[in-house]
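Report on the following structure.
Throughout, read-outs are computed from the coordinates displayed, never taken from laboratory work. Every value quoted in this text rests on a predicted model; they were computed, and no experiment measured them. Here the Cβ positions follow ideal geometry from the backbone for every residue, glycine too, while neighbour counts run over all protein chains shown.
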Amino acid sequence: MRKCIEEILSVCPVITLLLDRDCVQRSKLYHAVLSSAVNQLSAEQLPLQDTKVMAINLIKIGVLYDTVYNRLHTGQWNVVEPAEREMFTIVTYVRIVYTLCVSSNEEEAMKDGIYLADLGLMLGSPISTKRDDIGIDLLTETASILTTHLHETNLQEPAPKRLKLNTHIEPTGTPESTTNTIAVLQCPSLEFFGSNCYDRKEPAILKGIIDDWPAMERWHDPNYLLTVAGERTVPIEIGSQYSSDDWSQKLMKFREFIEQSICSEASAPADGSEHRAAYLAQHDLFDQIPTLRRDIAVPDYIGRTDPRPRIKAWLGPKGTVSPLHTDPCHNLLCQVFGAKIILLARPEDTARLYPHEHFILNNTSQVDARRPDYERFPLARDVSFHRLTLRRGDVLYIPPGWWHYVESLSPSFSVSFWFE
């Protein structure tokens, strides 16, 4: 445990610099509690610290953590001050170190630390620091260190049962009013993609451009995913689709999500109730877990116009649905394993697709693209959908404004690159 703590402290070599940040200085309470705790955290001083004092400091940090957490959850999220989010990151980091110092159970302490780091990454604000002259994020690196040490600890225990993934795809019916005139391009040049797809805003299936990703060989093995991210906490969507009344979100351990929703061993609820789909959708998984980020690469077609695309993860079982919607930016949807049926409609069909009136869903159609109700939405009869199946290794370019419906035909892992 000592080695783990020292590595985490090396993420922020001069930990007292955290006290100089504006979010700490502006509050006497924050500064008083943190300065008392932080001044005792150094690799040289830790062995000399009184365990009772450390335990008392952990309690104080815990109270401050709860105070900031409650402030983050008061009122609307979009009006939370950035300083409060940054403060939450700092308190999280200090609480992790004290948890490791005080706990008598190393494994449980590391698991608690990983959970705290993930919650801090979701609710807090990034804090950049340097380790060995390399720029890193405070909590991202802390979580990675804890994950590595936890894995080394678990190697001493009996190996868990290996999980298997069933990506069998059953035939699907073709909805009415569908065609498929989407171009299929084998490794097009940057110039060809730019002039014929990007500039014209025409969709295309690109083949052969992600075959060399390490993810293509690794991610279909759920045991690899569990080794890398099993103990991490991620936001999971529950329900048929985000536009439905039964939709909700919950935080889950990545391991539980994989075991219960992705692998073939997953079973129906014992009480006979209807199974509700679970979906890791539109999540910044690769910022959270850099090991997975290193398994992919930004396609060259994106760098032509945008050096910093937004990279999102989409992982779920068969039957997960993203309802018919549009996005304001360009999108390369990369299929790592599994398959998805996708229905596309042109931006010119917007009026015939009856977007929701509420501003939160005004980019989402009321029409069920697979089973349109023409009595409720008669204009939808005039929409000609393009239907395609995205399979392992395929990349779909979706221009801004194009309507797209997505449904998984099997357990599926996709990566989307949103770019300008």
Could you tell me which trypsin sites (Lys or Arg not before Pro) in segment 307-401 are loop residues by DSSP with no more than 13 other beta carbons within 10 angstrom of their beta carbon? 376
Between 331, 78, 180, which gets the highest mean-square fluctuation from a Gaussian network model of the chain, Cα cutoff 10 Å? 78
Exposed chymotrypsin sites (Phe, Trp or Tyr not before Pro) absent - longest run of the chain, DSSP non-H/G/I/E/B, at most 16 other C-beta within 10 Å: 1-246
Pull up all non-local amide H partners of residue 206: gap of 5 or more, or a different chain, and H-to-H distance under 5 Å with H placed in the peptide plane. 185, 395, 396, 397
Compare 241, 76, 260 in a GNM of the chain, Cα atoms joined below 10 Å, and give the one with the largest fluctuation. 76
With everything on Cα atoms, drop me the angle between helix 82-102 and the longest principal axis of the chain, reported from 0 to 90° to the nearest 10. 60 degrees
Nearest 10, in degrees from 0 to 90: the angle of helix 106-123 to the longest Cα principal axis of the chain is 60 degrees
Under the rule of -39500 (n - 2.57) per DSSP H run of 4 or more residues, summed and divided by the residues of the chain, what mean residue ellipticity at 222 nm is obtained, to the nearest 500 deg cm²/dmol? -9500 deg cm²/dmol
How would you classify the chain from its alpha-carbon gyration tensor, with a ≥ b ≥ c the square roots of the eigenvalues: rounded for a/c under 1.5, else prolate if a/b is greater than b/c, otherwise oblate? prolate
Quote the relative contact order of the chain in percent (integer), defining contacts as alpha-carbon pairs under 8 Å separated by 6+ residues. 16 percent
Given the options 200, 85, 95, state which has the largest fluctuation in a GNM of the chain using a 10 Å cut-off (strictly under) for Cα springs. 200
Quick check: from the Cα gyration tensor, does segment 183-419 come out rounded (a/c under 1.5), prolate or oblate? oblate
All lysines inside 29 Å of residue 253 as judged from Cα atoms, apart from same-chain residues fewer than 8 positions distant: 3, 60, 111, 130, 161, 164, 312, 318, 340
Can you tell me the length gained on complete extension of the stretch residue 376 to residue 28, counting 0.36 nm per residue apart and subtracting the Cα distance? 119.3 nm
Please give the helix 28-38 orientation as an angle from the longest Cα principal axis of the chain, in degrees from 0 to 90, rounded to the nearest 10. 70 degrees
